[in-house]
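Take a look at the structure set out below.
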Amino acid sequence: MTARTGMLAAAVLAFRRDLLLAMRHWGQVAQPLVFFVMVTTLFPLALGPSLEQLRDIAAGTLWVAALLASLLGLELLFRADHADGSLEQLLLSGQPLAVLALAKGLAHWAVCGLPLVLLSPLVAVSLGVPVEANGAILLSLGLGTGILSALGAIGSALTLGSFPRTRDCL
């Protein structure tokens, strides 16, 4: 039973660490949100004020913007840990790597995906989406951005080998 508690404690510590690091670098947190708003705002400007046309493309626009905004933050998910050697410490900790990676992915979603989901009803209004659809928008983007964070964490972890560590370059 103590091994399970240790595993949960390690996951919570990894989650808290990533949240603290994200709050210290708030520019990296704000970048996907600003990108999401910019992309979705450009569509009404490009297509014109026709609400029917905007409603037709609203779902695709929100999803594409959410996907692209989520990708902005994923690049840095494991890179800083790889560069400063803390990824090696995670490997040596004896905790299941899947649990630690899940905690890091959940922290990414809490920092990038959740604010994006909460911002989406406001952005949807600019696309002419009725207010009654906000529940569906929140639910679908909440699940979708979570899945994007999980899949993106896999991709981010797989690309680590192509980046040199900082201390190897010195």
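The values are calculated or read from the model by the stated rules, or taken from the named source; none is laboratory data. On a predicted model such as this, the values are computed, not experimentally measured, just so you know. Quick reminder, even Gly has a Cβ in these numbers, built from the backbone with ideal geometry, and neighbours come from all protein chains shown. Side chains are part of the model used for accessible areas, which takes the heavy atoms of the whole protein and leaves out ligands, DNA and RNA. Shrake-Rupley method; radii C 1.70, N 1.55, O 1.52, S 1.80 Å.
Structure summary
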| quantity | calculated |
| --- | --- |
| Search result, residues across region 22-38 that are open to solvent by 50 Å² or more (accessible area, probe 1.4 Å) and modelled with pLDDT of 85 or more | MET23, ARG24, GLN31, VAL34, PHE35, VAL37, MET38 |
| Hits in region 115-137 (condition: open to solvent by 50 Å² or more (accessible area, probe 1.4 Å) and either outside any helix (DSSP H, G or I) or of a type in the set (D, E, K, R) (or both)) | PRO130, GLU132 |
| Members of region 7-21 found to be open to solvent by less than 100 Å² (accessible area, probe 1.4 Å) and either more than 14 Å from PHE78 (Cβ to Cβ) or part of a loop (DSSP other than H, G, I, E, B) (or both), listed by number | MET7, ALA9, ALA10, ALA11, VAL12, PHE15, LEU19, LEU20 |
| Any hit, region 68-91, residues being under 22 Å from PRO121 (Cα atoms), assigned to a helix (DSSP H, G or I) and in contact (Cβ under 8 Å) with a residue 60 or more places away in the chain | yes |
| Candidate set from region 39-97 (those that are polar (S, T, N, Q) and crowded, with 19+ Cβ neighbours inside 10 Å); member that is nearest to the chain's Cα centre (by Cα) | SER70 |
| Failed item, numbered, when LEU151 is tested on (1) open to solvent by less than 60 Å² (accessible area, probe 1.4 Å); (2) in a helix (DSSP H, G or I); (3) out of contact with any Pro (no Cβ under 8 Å at 6 or more places or on another chain) | (1) |
